[in-house]
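Structure record follows, encoded as structure tokens.
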Amino acid sequence: MQLEGIHHITAITGDAPRNVDFYAGVLGLRMVKKTVNQDDPTVYHLFYADEKGSAGADITFFEYPNAQPGRAGAGMVYRVTWRVGSRDALGFWEDRLRSQGVEVRSSGETLVFADPEGLELELRVSDVSDQPLVARHPDVPAEMALQGFDGVRAYTADIAASRSLLEQTLGFTPRGEETFEARGSDRGGLYAYDVSTTRGVQGAGTVHHVAWASEMDDHDAWRQRVAAAGMNVTPVIDRFYFRSIYFREPSGVLFEIATLGPGFDADEPLESLGEALSLPPDYEHLRGQLEKILTPLPNPRRERV
């Protein structure tokens, strides 16, 4: 049983229209699902990914309008890293981001910058054979596009406290003292630590949780394995687009294990993903109420036509 790298990463925004403009407009991702937070359906859950809405490329946001800025600290993911295909791609993104007024730090092998609410992002040249997960955008040539997640970095007060769970329970492979890899038959993703004892504050511009990808048939077994390791793990929760379990790893970071399917085309055609408000069946009766209170959003694909 192996986890297939990162499934998705979920963060918090206080400004959904600006969030759409940055992730779909500037970064060239496709908004593949406009739905609601199933634990609080009065707020959006927005999903951006590649053209097919693939696990491994999917960054998502809960919108809490006008949320105060957060600050990453111990027990929180603080950086999201995407793959790109070449150093030329890094040069393309450095120019594109600077033209949009985004401050960029370049090392020659990576670019580090932040989204409009301060979430730290990184682009890194890929040296793995995983299939590139690419979205179409008229201003981003396919060979320059983001190719899916490389990994995340988190703060912890004690790396050793998490090692047993990561390596023995979840099957991550150590890649040095502070980095671990979850790699399945098709994809892999890195989970790395930096030491910090500073207390974080959840808010706009911070990561809420990171989800790891499971084959559907393995999901119940993953829950049993995590519970046997002494973690306080939720029951399996049906999110309609995938099934999930949640627990905090010893550093405090909230982990999810999410299934590879059913997928975002379960309730709308692939060609029009993310263009209308999608509600799982248990929430459809709330549509009239929710459409009155959710923030009006642009349709990135339609506005480019």
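Each reported figure results from applying straightforward, stated rules to the coordinates on display, with no laboratory input. Everything quoted here is computed from the prediction, not taken from an experiment. For neighbour counting, all protein chains shown are included, and Cβ atoms are generated from backbone atoms with ideal geometry for every residue, glycine included.
Using a cut-off of 20 Å between alpha-carbon atoms, which lysines can reach K52, once sequence neighbours fewer than 8 places away in the same chain are excluded?
Reachable lysines: K33, K34.
Roughly speaking, what is the centre-to-centre gap between segment 1-77 and segment 150-185 when only Cα atoms are used, to the nearest Å?
23
Amide H neighbours of G151 under 5 Å, at least 5 residues apart or on other chains, H built in the peptide plane: list them.
So G151 has HN proximity to T81, L190.
Please enumerate, by chain and number, the aspartates and glutamates with C-alpha under 18 Å from the C-alpha of K292, excluding those fewer than 8 residues away in the same chain.
Of all the aspartates and glutamates, those that pass the test against K292 - Cα under 18 Å, at least 8 places apart if same chain - are D15, D40, E63, E275, E284.
Looking at segment 62-104, which GluC sites (Glu not before Pro) are in a loop (DSSP not H, G, I, E or B) and have at most 12 other Cβ atoms within 10 Å?
Answer by residue number: E103.
Tell me the trypsin sites (Lys or Arg not before Pro) within segment 54-147 that lie in a loop according to DSSP and have at most 16 other beta-carbon atoms within 10 Å.
The qualifying sites are R136.
Report the per residue volume, in Å³, of the convex hull enclosing the C-alpha atoms of segment 102-230.
165
List the chymotrypsin sites (Phe, Trp or Tyr not before Pro) in segment 111-194 that DSSP assigns to loop (not H, G, I, E or B) and whose Cβ has at most 10 other Cβ atoms within 10 Å. Which are they?
For chymotrypsin sites (Phe, Trp or Tyr not before Pro) across segment 111-194 that sit outside H, G, I, E and B with at most 10 neighbouring Cβ atoms in 10 Å, the list is empty.
So what's the chain giving for Rg/Rh, alpha carbon basis, Kirkwood Rh from the mean inverse pair distance?
Radius of gyration over Kirkwood radius for the chain works out to 0.94.
Taking every pair of alpha-carbon atoms in segment 125-185, what share in percent sits in each 10 Å bin, from 0 to the bin with the longest distance?
Spelled out bin by bin, segment 125-185 gives 17, 39, 26, 15, 3 percent.
For Cα pairs less than 8 Å apart in space and 6+ apart in sequence, what is the mean separation divided by the residue count of segment 4-119, i.e. the relative contact order in percent?
Relative contact order here is 25 percent.
Taking amide H positions as placed 1.01 Å from N in the peptide plane, with prolines and chain starts having none, which residues 5 or more places from M76, or on another chain, fall under 5 Å of its amide H?
Y155
Please work out how much length the chain gains when fully extended from E291 to Q224, using 0.36 nm per residue of separation minus the C-alpha to C-alpha distance, in nm with one decimal.
20.2 nm
For E178 and D95 in one chain, what is 0.36 nm times their gap in residues minus the Cα-Cα distance, to one decimal in nm?
Taking 0.36 nm per residue and subtracting the Cα distance, the gain is 26.7 nm.
With n ≥ 4 as the cut-off for DSSP H runs, can you work out [θ] at 222 nm for the chain, using -39500 (n - 2.57) per run divided by the number of residues, rounded to the nearest 500?
It lands at -4000 deg cm²/dmol.
Let me know the Kirkwood hydrodynamic radius for segment 222-265, please, with Cα pairs as the basis and the value in Å to one decimal.
One decimal place: 11.0 Å for the Kirkwood radius.
Dividing the alpha-carbon Rg of segment 194-256 by 2.2 N^0.38 Å yields what?
1.27
Report ³J(HN,Hα) in whole Hz for each residue of segment 106-118, in order, from the Karplus equation J = 6.51 cos²θ - 1.76 cosθ + 1.60 where θ = phi - 60°; Gly and Pro get x.
3J(HN,Hα) across segment 106-118, in whole Hz: 10, 10, x, 10, 9, 10, 10, 7, 9, 6, x, 10, x.
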